[in-house]
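The values are calculated or read from the model by the stated rules, or taken from the named source; none is laboratory data. Remember, it's a predicted structure, so these values are computed and weren't measured experimentally. Here the Cβ positions follow ideal geometry from the backbone for every residue, glycine too, while neighbour counts run over all protein chains shown.
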Amino acid sequence: MNRSTTGIMILVMLFFSVMSCEKETVDNQDMEDDVLNLPEAPYDYETVILPEHLQTNVLLGPGQNAAVENDNTPSDNPITNEGATLGRVLFYDTKLSANGTISCASCHQQENGFSDSDVLSLGFEGGLTGRHSMSLVNANWYGRGRFFWDERAETLEDQVLMPFQDPVEMGMTLEGVVSTVQSQSYYPALFDDAFGTTEINADLIAKALAQFVRSMVSVNSKYDEGRTGVSIPTDDFPNFSESENNGKRLFFRPVSLGGGGCVGCHSTEAFINPDNGPTNNGLDAESTDDLGVFEAINNPAFLGTFKVPSLKSVALTAPYMHDGRFATLEEVVEHYNSGVQNHPNLGDALQDENGQAIQLNLTEQEKTDLVNFLRTLTDDELTNDVKFSDPFK
């Protein structure tokens, strides 16, 4: 074989080697792009058909208004289909933790009402979070607009970035999160669709995540269905059992009239506490280990108080309370029935006319009725809606 022939063969081999490398690069790129299972047109996050009882108010007493009046969406970050789609991808992306094992959804699971079935959640290295994972349902209708049990985040846009940077939860720096997002091939197009730019920064990451979380609105529970057939929520619902209707009356009826007065803290028909803010619900007589909102807002009135989550889909979010101390709804109801303690900052709704912790003295049937009512707040559509599911599956 002469030199000319040898040279030609080497060139041919080099050509096919380069082509093979290019094909491998393209194949790898295709595999990376195929990781995401997104529809060609984005799901609709913007359009939510709100029932009348969330748009107007018929409830009496402090803290009662229409749920929509408490929307904490800032004017510069309205929900868009493309923005929430990007937020969904960020929410489920495990690459955004230090070792690629944890995402926002690890602690806020759709099947558990966007909460966690564990008392404390596992961080990226197996450490435990300081408090139970709070449900994200109806987060947009918390009028104070502050987040976490201790309300240390002033806005939802602030809150969504904090778990990334927590040394137990996800173990990243904000710069590391931005860099990791920038390095994934699927993000530039998603940012361009959402915000009209392929630039990736912390502000846009926060806005997209907040849009996705605010879109988790509950409007399709058995309660919502029954409420459409009556004028006021204390009327019997046609789709409720006798026990569920009895439990509903106990929930809405003041303690002075033989009820549980539950709506005093879980106010509005979104069952959240938008006006009164954080409260103490008598779990302990004094606060020693966990000081609640006082840790973030140095005001003695906040000592031992905690943010009040929405009760929508509460049957899915066990265990309960900021420390997950109650495993079942039955235990929660028994606490309010007989276990409320005289904490110095005990919420007004849990005190009698003498300023002492209330004792409801419910019968066994009444306690069962109250639990049965709480189960009617489960929103199965929200739990099973694909637009809130993991796009990496």
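When you check E353 against the structure, is it more than 23 Å from N280 (Cβ to Cβ) and out of contact with any Lys or Arg (no Cβ under 9 Å at 6 or more places or on another chain), yes or no? No. What do you reckon, is K248 of a type outside the set (S, T, N, Q) and either in the same structural domain as Q109 (by TED's automatic domain parsing) or in a helix (DSSP H, G or I) (or both)? Criteria met by K248. Of all residues in the range 257-269, those that are assigned by TED's automatic domain parsing to the domain that holds N245 and within 13 Å of K367 (Cα to Cα) have Cβ atoms under 9 Å from Cβ atoms of residues that are part of a helix (DSSP H, G or I) and among the aromatic types (F, W, Y), 6 or more apart or on another chain, in G259/F251; G259/F252; G260/F251; G260/F252; G260/Y336; C262/F251; C262/F252; C262/Y336.
Put simply, of V332, V314 the only residue that is of a type in the set (A, V, I, L, M, F, W, C) and within 13 Å of N281 (Cα to Cα) is V332. When A105 is tested against (1) in contact with an Asp or Glu (Cβ under 8 Å, 6 or more places away or on another chain); (2) in a loop (DSSP other than H, G, I, E, B), just one condition goes unmet, and that condition is (2). Of the residues making up the range 309-323, those that are surrounded by fewer than 21 Cβ atoms within 10 Å (Cβ to Cβ) and part of a loop (DSSP other than H, G, I, E, B) are A318, P319, M321, H322, D323.
For the range 31-63, a tally of residues being part of a helix (DSSP H, G or I), surrounded by 10 or more Cβ atoms within 10 Å (Cβ to Cβ) and either among the aliphatic types (A, V, I, L, M) or at pLDDT below 95 (or both) returns 3. Exactly one residue out of T383, T376 is under 30 Å from Y187 (Cα atoms), of a type outside the set (F, W, Y) and touching a helix residue (DSSP H, G or I) at 6+ places or on another chain (Cβ under 7 Å): that is T383.
Close contacts from the range 32-43, counting a first residue that is outside the structural domain of R88 (by TED's automatic domain parsing) and a second that is assigned to a loop (DSSP other than H, G, I, E, B) and modelled with pLDDT under 95, with Cβ to Cβ under 9 Å and a gap of 6+ residues or different chains, come to N37/K393.
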